[in-house]
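Trainee: One structure, as structure tokens, below. Some questions next.
The values are calculated or read from the model by the stated rules, or taken from the named source; none is laboratory data. Please read these numbers as outputs of a predicted model, since none were measured by experiment. In this analysis, Cβ positions are derived from the backbone assuming ideal geometry, glycine residues included, and neighbour counts consider all displayed protein chains.
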Amino acid sequence: MNFVYTVNPNGGVVYRRAVEVPFSKSHLLERILSAENIRRAWKQVRADKGAPGRSAHDGVRQVKQYIGQGYTVAVDTDLSKFFDKVNHDVLMVRVSRRIKDKRVLKLCPVCR
């Protein structure tokens, strides 16, 4: 969100008005670091009590919900070794097809 400042033509007060500005794909970093996105992320962290996500209890709860929806198969995967074994060049080529902001791509650990 950007702000537009307008000067009263009769003198006096400067008005500040919030203006919604769409983000282009080349300005993803600004979108990531926007106050609204940071606020939303902080609310999610607080709601999760600081946990990074996906706990065993949450997983079981989610599987039960899927069973109730009619699913019959659950697959448990562990991604801890994925980035050790994946071809980083291929991964980055594929990621860069979707992410156009090179500043964001440089933040990816596999780029280093």
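Trainee: Please enumerate the residues belonging to segment 72-98 that are in a helix (DSSP H, G or I) and not β-branched (Val, Ile, Thr). Full working, then the answer.
Mentor: Going residue by residue through segment 72-98, those that are in a helix (DSSP H, G or I) are 82-85, 88-98.
If the condition is that a residue be in a helix (DSSP H, G or I) and not β-branched (Val, Ile, Thr), then 82, 83, 84, 85, 88, 89, 91, 92, 94, 96, 97, 98 are the ones that fit.
Trainee: From the set of residues in segment 39-71 that are of a type in the set (Gly, Ala, Ser) and at negative phi, which is modelled with the lowest pLDDT?
Mentor: Step one: list which residues in segment 39-71 are of a type in the set (Gly, Ala, Ser), which gives 41, 47, 50-51, 53, 55-56, 59, 68, 70.
Within this subset, residues satisfying the condition of being at negative phi are 41, 47, 51, 55-56, 59, 68.
Details: 41: 92, 47: 87, 51: 73, 55: 78, 56: 82, 59: 86, 68: 95.
Here the residue is 51.
Trainee: Ok, one more. If you check residue 11 against the conditions, is it small (Gly, Ala, Ser), assigned to a loop (DSSP other than H, G, I, E, B) and modelled with pLDDT of 90 or more? Steps first, answer last, please.
Mentor: Working: small (Gly, Ala, Ser): yes; assigned to a loop (DSSP other than H, G, I, E, B): yes; modelled with pLDDT of 90 or more: no.
In short, no.
Trainee: Residues that are at pLDDT 80 or above and polar (S, T, N, Q): does segment 72-80 have at least one?
Mentor: Yes, segment 72-80 contains at least one residue that is at pLDDT 80 or above and polar (S, T, N, Q).
For (1) assigned to a loop (DSSP other than H, G, I, E, B); (2) under 22 Å from the mean Cα position of the chain (by Cα), each residue gets a yes or a no:
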| site | (1), (2) |
| --- | --- |
| 45 | no, yes |
| 62 | no, yes |
| 70 | yes, no |
| 100 | yes, yes |
| 104 | no, yes |
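Trainee: Tell me, which residue of segment 72-86 that is within 24 Å of the chain's Cα centre (by Cα) and without any contact (Cβ under 8 Å) to a residue 24 or more places away in the chain is farthest from residue 109 (Cα to Cα)?
Mentor: First pass over segment 72-86, keeping only residues within 24 Å of the chain's Cα centre (by Cα): 76-84, 86.
Those still in the list that are without any contact (Cβ under 8 Å) to a residue 24 or more places away in the chain too: 76-82, 84.
On the way: 76: 25, 77: 21, 78: 19, 79: 15, 80: 14, 81: 14, 82: 13, 84: 11 Å.
Only one residue tops the list, namely 76.
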